[in-house]
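Some notes on the structure that comes next.
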Amino acid sequence: MDDNKQSHLQKLIKWGDNTKATLNNTSDETTEVTRWREQIENWQVDIESKLNRNTEISNEDIALLQEEGERIAFDMKNKGKKKHESSSALPYGKRKLPPLPYKYNALEPYISEEIMRLHHDEHHKSYVDGLNEAEKALYTKGMDDTIIKHWLREQAFHGSGHHLHTIFWNNMTPDSSRKPSGEIQRRIEDDFGSFDKFKELFSDVAASVEGVGWAVLLWTPRSGRLAVQSLEKHQLFQLADSIPLLVLDMWEHAYYLQYKTDKETYIKNWWNVVNWEDVNDRYVEAKKVKWHLY
């Protein structure tokens, strides 16, 4: 490894050691302090694993490690903000690709390992990178106001892609119950008549997506009911002021390598990996949003 890169990574580890020492000496042992200490330790483990590699570390990897350290430092620095301000707010342009909550091959045979690797590591990452670029242009740099519409479009496109994919990964599990339970089960039965009727409607909506987009189960606080909607190109056909609970990616990159043009079979098989516990948790949280019904 290049000596300059190695020296820089060692300095990051030293910063982590010094920061942990400061945290250990504080008399204010809160949940936040414990969380920061764990985050620094995990970050240092990641750095050390790259130092121990026999291969050259890329500039991009170093930049990501640097940004993670800056995020932790930003979080700690803003601890003293007023309660109405979020001390853990993510700085603009500092989005991270979230890890999958299971192994790449965990959803086989319904979704192949090859698709999951391509879908997560390349497609989702491209949305994260694009959103970071748009946020930096809009919020942290002096910007040419003649191209503001370009960056707003970039924010909408990449931001929607990032947010929906983050929901999508957690909406799936290798240990699916295959059917909903709890509060979301009762709500589905109340609003759609039965789970089978909802499943048929949702599947038809997914199949109706023209080209690229998503099928989404939404909670609409202003009506106090569920709804199903297609979101084409992420940012089009959206039902504003609603909260996504369950999403199905209908872009071709989500299924083409395995199912080719047979998206109906992809939709049918996807029901075998739906994480209904996650959907129920999202519904319970969404219900806390209170609006006048109109």
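The values are calculated or read from the model by the stated rules, or taken from the named source; none is laboratory data. Since we're looking at a predicted model, the values are computed, not measured. Neighbour counts run over all protein chains shown; Cβ positions are idealised from the backbone, glycine included. For accessibility, only protein heavy atoms count, side chains too; no ligands or nucleic acids. Shrake-Rupley method; radii C 1.70, N 1.55, O 1.52, S 1.80 Å.
Look at Asp241 and say whether it is in contact with a Lys or Arg (Cβ under 8 Å, 6 or more places away or on another chain), charged (D, E, K, R) and open to solvent by 40 Å² or more (accessible area, probe 1.4 Å). Give the steps one after another, and end with the answer.
Working: in contact with a Lys or Arg (Cβ under 8 Å, 6 or more places away or on another chain): yes; charged (D, E, K, R): yes; open to solvent by 40 Å² or more (accessible area, probe 1.4 Å): yes.
So Asp241 fits the description; yes.
Within the range 32-41, not a single residue is at pLDDT below 85 and touching a Pro at 6+ places or on another chain (Cβ under 6 Å). If the condition is being more than 30 Å from the chain's Cα centre (by Cα), within 18 Å of Glu41 (Cα to Cα) and either among the hydroxyl-bearing types (Ser, Thr, Tyr) or not in a helix (DSSP H, G or I) (or both), then the range 1-22 contributes only Thr22.
Yes or no: Leu107 at pLDDT 85 or above, in contact with a Phe, Trp or Tyr (Cβ under 7 Å, 6 or more places away or on another chain), closer than 25 Å to Glu122 by Cα and open to solvent by less than 80 Å² (accessible area, probe 1.4 Å)? Write out each step before concluding.
Values: at pLDDT 85 or above: yes; in contact with a Phe, Trp or Tyr (Cβ under 7 Å, 6 or more places away or on another chain): no; closer than 25 Å to Glu122 by Cα: yes; open to solvent by less than 80 Å² (accessible area, probe 1.4 Å): yes.
Taking the combined requirement at face value, the residue does not satisfy it.
Quick check on the range 87-104: of everything there that is of a type in the set (A, V, I, L, M, F, W, C) and within 15 Å of the chain's Cα centre (by Cα), which residue is surrounded by the fewest Cβ atoms within 10 Å (Cβ to Cβ)? Working first, answer last.
Restricting attention to the range 87-104, the residues satisfying the condition of being of a type in the set (A, V, I, L, M, F, W, C) are 89-90, 97, 100.
Among the residues that remain, those that are also within 15 Å of the chain's Cα centre (by Cα) are: 90, 97, 100.
On the way: Leu90: 13, Leu97: 17, Leu100: 18.
Only one residue tops the list, namely Leu90.
Restricting attention to the range 259-281, report how many residues are under 21 Å from the mean Cα position of the chain (by Cα), outside any strand (DSSP E or B) and buried (at least 18 other Cβ atoms within 10 Å of the Cβ). So that I can check it myself, show each step before the final result.
Applying the first criterion (under 21 Å from the mean Cα position of the chain (by Cα)) to the range 259-281 yields 270-271, 273-281.
Those left that are additionally outside any strand (DSSP E or B): 270-271, 273, 275-281.
Still in the running and buried (at least 18 other Cβ atoms within 10 Å of the Cβ): 270, 273, 275-276, 278-280.
So the answer is 7.
Any chance you could count how many residues in the range 38-66 are open to solvent by 40 Å² or more (accessible area, probe 1.4 Å), charged (D, E, K, R) and assigned to a helix (DSSP H, G or I)? Summing the residues that are open to solvent by 40 Å² or more (accessible area, probe 1.4 Å), charged (D, E, K, R) and assigned to a helix (DSSP H, G or I) in the range 38-66 gives 6.
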